[in-house]
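Below: the structure, in C-alpha cells.
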Amino acid sequence: MRVGVLVLILGIPFTALGGFSLIQSGGVDAVSSATSYAFDPNDVSGEYVVLINNELHSDTLDVWTAFFQGENIPVVLDDISCMICKGDEGAKSYAEICQARLPENQMKIKSENSLLLMSKGEYGKFDIIILSKEIADMYAANSISKNNNITTVNIV
C-alpha cells in the first residue's frame, strides 16, 4: 500500500510535467556538462567588458586575456571565479559561453548586486568581472579599470 501511495505522489506529477518525454527525446545527457565546445564568435552578440585582477593572475594574465578574446588557449590549472551583475542577462550568457569552453568546474559564475560588485572591483576583491557594455557604462567600470592592478578586455 505504501508503494502505491508513493507511486501516486511522485509518478503523477512526473508524467503530468512531461518527465518521460524529456528522457525519451534525448533532452537529458549525462555527458553534456563535461563536454566543452569550440568558441563560435556568432554565439556572442553584443559588447562586453571583462575585468581581470592582475594580482591573482600575474603569471597567466596573457592566457586569460586571450581566452576572453575568443582564442584557443593551452590548459591552465587556475580555477577562476567570475562575477556578474544581477539582472545583466548579456553578461550571464557570455559568461556561460566562456564557462562551456573550459573544463568542468574550472569557472564558477556568481551573481552579485551591482553596487556591491562595483565596490569589490574598485578595491580589487574579485577574480574576474564580466559586464555588458551598457552596465559597464552605467556604473563607470572604466574608472575602476584605471587601477594598475586591473586589466580590461573589451569584447566587441
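Only one of the numbered conditions (1) open to solvent by 90 Å² or more (accessible area, probe 1.4 Å); (2) closer than 21 Å to N154 by Cβ; (3) without any contact (Cβ under 8 Å) to a residue 12 or more places away in the chain is violated by A66, and that is (1). Among the residues making up the range 112-143, those that are among the aliphatic types (A, V, I, L, M), touching a helix residue (DSSP H, G or I) at 6+ places or on another chain (Cβ under 9 Å) and open to solvent by 10 Å² or more (accessible area, probe 1.4 Å) are M118, I135, M138, A140.
Is it the case, given these coordinates, that M107 is touching a Cys at 6+ places or on another chain (Cβ under 7 Å) and of a type in the set (A, V, I, L, M, F, W, C)? Step through it out loud before you land on a result.
On the way: touching a Cys at 6+ places or on another chain (Cβ under 7 Å): yes; of a type in the set (A, V, I, L, M, F, W, C): yes.
Yes.
In the range 123-139, is there at least one residue being closer than 15 Å to L56 by Cα and without any contact (Cβ under 8 Å) to a residue 60 or more places away in the chain? Yes: the range 123-139 contains one or more residues that are closer than 15 Å to L56 by Cα and without any contact (Cβ under 8 Å) to a residue 60 or more places away in the chain.
Answer yes or no: is there a residue in the range 65-77 that is in contact with a Pro (Cβ under 7 Å, 6 or more places away or on another chain) and closer than 27 Å to N148 by Cβ.
To start, the set of residues in the range 65-77 that are in contact with a Pro (Cβ under 7 Å, 6 or more places away or on another chain) comprises 70.
Next, from what is left, pick out any that are closer than 27 Å to N148 by Cβ: 70.
Yes; the residues of the range 65-77 include at least one that is in contact with a Pro (Cβ under 7 Å, 6 or more places away or on another chain) and closer than 27 Å to N148 by Cβ.
Based on what the data block shows, is I80 open to solvent by less than 70 Å² (accessible area, probe 1.4 Å), at pLDDT below 90 and of a type in the set (A, V, I, L, M, F, W, C)? Outline the logic, then answer.
Details: open to solvent by less than 70 Å² (accessible area, probe 1.4 Å): yes; at pLDDT below 90: no; of a type in the set (A, V, I, L, M, F, W, C): yes.
Here the answer is no, as I80 does not meet what is asked.
The values are calculated or read from the model by the stated rules, or taken from the named source; none is laboratory data. As the structure is a prediction and not an experimental result, all values here were calculated from the model. When we count neighbours, we look across all protein chains shown, and the Cβ atoms used for this are built from the backbone with ideal geometry, even at glycine. All accessible areas refer to the heavy atoms of the entire protein, side chains included, with ligands and DNA or RNA removed. Shrake-Rupley method; radii C 1.70, N 1.55, O 1.52, S 1.80 Å.
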